[in-house]
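In what follows, a single structure is set out as structure tokens and then discussed.
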Amino acid sequence: MGMKSGWIKFSGGVDKVASGLAYDPLGKVMGGAVIGAILGTFMTLVVGAYKEEGAQDFSDSVDQDMQIFEDGTLMRFPDVCGLDDNYYLISQKPKNGLEISRGNYDYSHVLTAKEQRGVADEISSCMDAMRGWARKGNFEFANEFRHIPNVEYSEAGLVQDHANATIHLHKDISEVSENDRKSMHNIIKALDDYVEDGDNSGLYHAAFNAASQSWNNYNRHTNDTEVYYNGDEIKNADQYEKYEYSSVGYLDWAKTVGGVGLLALFMMAGGDTRRSNAYETRAAKRRERLSAIKSLSGRDTPIL
């Protein structure tokens, strides 16, 4: 494409956007803002999921020589407790004792001893609140609470993200079935002795008591010694099995955001044909000039 025809097409695009805005400025801007927000949110979720996928590959790539344990407990708490959507893994700590790590049902981030104490305080407060509700026969918290015993997990391993130059300690969690990930309420509801319109308080008490015992066991065997970190640095990082990957980098993120912005701009002012007669006249002249350029391709006659 020659410089002259390229300039005509470029100026035509600018004219189309400007004319669309002039025809219906408020509607176009509002429409573009809504479309941009929707697309931006969607793409942010896509980028975040792609970024997380690399870390989750640790679950598939964990070295078979790593030590595996079968006595873990996963817990996820009601929103009112302020512990977010995280799954908390109660697991063995090197040199004996139990520790808490935080993540999801695929892998769990190893926390510093200080972070574990803070998390333990929050979980204790939440468990105390749920015990109080349970004593009153109020089991609404079971709609969100999850308790998964006998979880299989690995010793800690290093996950290194080259794109962001970050290194994390994770414990790999073997596959947890979708059924096990259900809320306490849904698990109880699926029991053979659940009565649809009857009193199921005994079932709720039994299930919650099992979860309460898991937490009591952690409190009895807590190991508060710091074995993983010196401050924020991982101790002796070369002792761990390593999994390396590269997450979505800044350049990919910028391309995504830029693409969303351009698409929103096009849809804001370039997606329909409702424009002034003046615009249509200018567009017709541009088409005539482009046609003339094409017909004279290869000749030296100037286009005026």
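Evaluating 6.51 cos²θ - 1.76 cosθ + 1.60 at θ = phi - 60° for every residue in the stretch 84-97, the Karplus couplings come out as 6, 9, 6, 9, 10, 9, 9, 8, 5, 10, x, 6, 6, x Hz, glycine and proline recorded as x. Peptides 177-187, 107-117 ranked from most to least packed give 107-117, 177-187, packing being the mean of other C-beta atoms within 10 angstrom over each peptide's residues.
On the stretch 176-236, 41 percent of the accessible area sits on carbon and sulfur atoms, based on a 1.4 Å probe.
If you take the alpha carbon radius of gyration of the stretch 80-235 and divide it by 2.2 N^0.38 Å, what ratio comes out, to two decimals? Could you put the intermediate results ahead of the total?
On the way: Rg = 17.3 Å, N = 156, 2.2 N^0.38 = 15.0 Å.
My calculation over the Cα atoms of the stretch 80-235 gives 1.15.
Ranked highest first by the average count of other Cβ atoms within 10 Å around their residues, in what order do 168-176, 237-245 fall? Walk me through the numbers on the way to the answer.
On the way: 168-176: 20.0, 237-245: 14.8.
So the peptides 168-176, 237-245, ranked by packing, come out 168-176, 237-245.
Each other residue within a Cβ distance under 13 Å of HIS147 adds +1 if Lys or Arg and -1 if Asp or Glu, for a net charge of +2.
The values are calculated or read from the model by the stated rules, or taken from the named source; none is laboratory data. Quick caveat, the model's predicted, so the values are computed rather than measured. Virtual Cβ from ideal backbone geometry, glycine too; neighbours counted across all protein chains shown. Areas reflect the complete protein model, heavy atoms only, side chains present, ligands, DNA and RNA absent. Shrake-Rupley method; radii C 1.70, N 1.55, O 1.52, S 1.80 Å.
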